[in-house]
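I have placed the structure first, in the form of structure tokens, so that the comments after it can refer back to it.
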Amino acid sequence: MKIPNKVIPDCYKYSKQAFDGKITPNEARQKIHEELHINFGSARDYYLYYSYLITGEKPTWGLNTYTSNYFLENILEDYKNDIEQKKKSLYHFKKLIEKFEGEKVGSKKSMNAIYEKYSKLV
């Protein structure tokens with residue numbers, strides 16, 4: 001099932017709320033599943049992706065280009081006053097690209113383009 005782009009802002013919002021401790025990761029998953037009609041198994045990936053971009057722990061699946069761009073753009077905006085976190089998030093994003101390319105998942109041109117776009121701003 002293709003995830004509509006219009007639900008990605010709410011996926012981000014719930015993922016961030018869970019990471020910030022305002023709701024649990026399972027509550028975020030449940031909200032993404034029930035409110036946004038995303039498969040329960042897939043709903044977990046959004047929190048894991050957000051968490052990975054912040055901490056670099058537990059590498060996760062890559063998400064589509066729109067979602068990757070949206071999450072990275074908003075993390076960089078949310079941490080606009082924290083240059084170290086911005087650098088870490090970009091570093092984690094780049095490591096994810098390298099992981100996929102190393103596993104022969106294929107070229108990640110769109111992810112590399114996203115990385116290049118934001119790395120110039122930090």
Scattering curve values for the range 37-122, log₁₀ I(q)/I(0), Debye with Cα scatterers, q = 0.15 Å⁻¹: -0.52
Whole-percent carbon and sulfur share, accessible surface of the chain, 1.4 Å: 50
Degrees between helix 109-119 axis and first principal axis of the chain (Cα, 0 to 90, nearest 10): 80
Charged-residue dipole, Cβ positions (Lys, Arg, Asp, Glu), the range 26-95 about Cα centre, Debye nearest 20: 320
Listed residue (Phe40, Thr67, Asn26) projecting farthest to the positive dipole end of the chain, Cβ model: Thr67
Using θ = phi - 60° and Karplus 6.51 cos²θ - 1.76 cosθ + 1.60, couplings along the range 70-78 (whole Hz; Gly, Pro as x): 4, 5, 5, 4, 6, 4, 5, 6, 4
Filtered trypsin sites (Lys or Arg not before Pro), the range 1-62: DSSP coil and at most 15 other beta carbons within 10 Å: Lys2, Lys22
Size of charge dipole - the chain - debye, nearest 20, with Cβ of Lys, Arg +1 and Asp, Glu -1, no other charges: 300
Exposed-loop-free span, longest in the chain, where GluC sites (Glu not before Pro) count as exposed if DSSP calls them loop and at most 10 other C-beta atoms lie within 10 Å: 1-56
The range 1-91: relative contact order in percent, alpha carbon pairs under 8 Å with at least 6 residues between: 24
Residues of the chain: accessible area per residue with a 1.4 Å probe, Å²: 58
Using alpha-carbon coordinates, inclination of helix 8-19 to the longest axis of the chain, degrees: 90
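The values are calculated or read from the model by the stated rules, or taken from the named source; none is laboratory data. Computed from a predicted structure; not experimentally measured. FYI the Cβ positions are ideal-geometry reconstructions off the backbone, even for glycines, and counts take in every protein chain you see. In case anyone asks, the SASA skips ligands and DNA or RNA and just uses the protein heavy atoms, side chains included. Shrake-Rupley method; radii C 1.70, N 1.55, O 1.52, S 1.80 Å.
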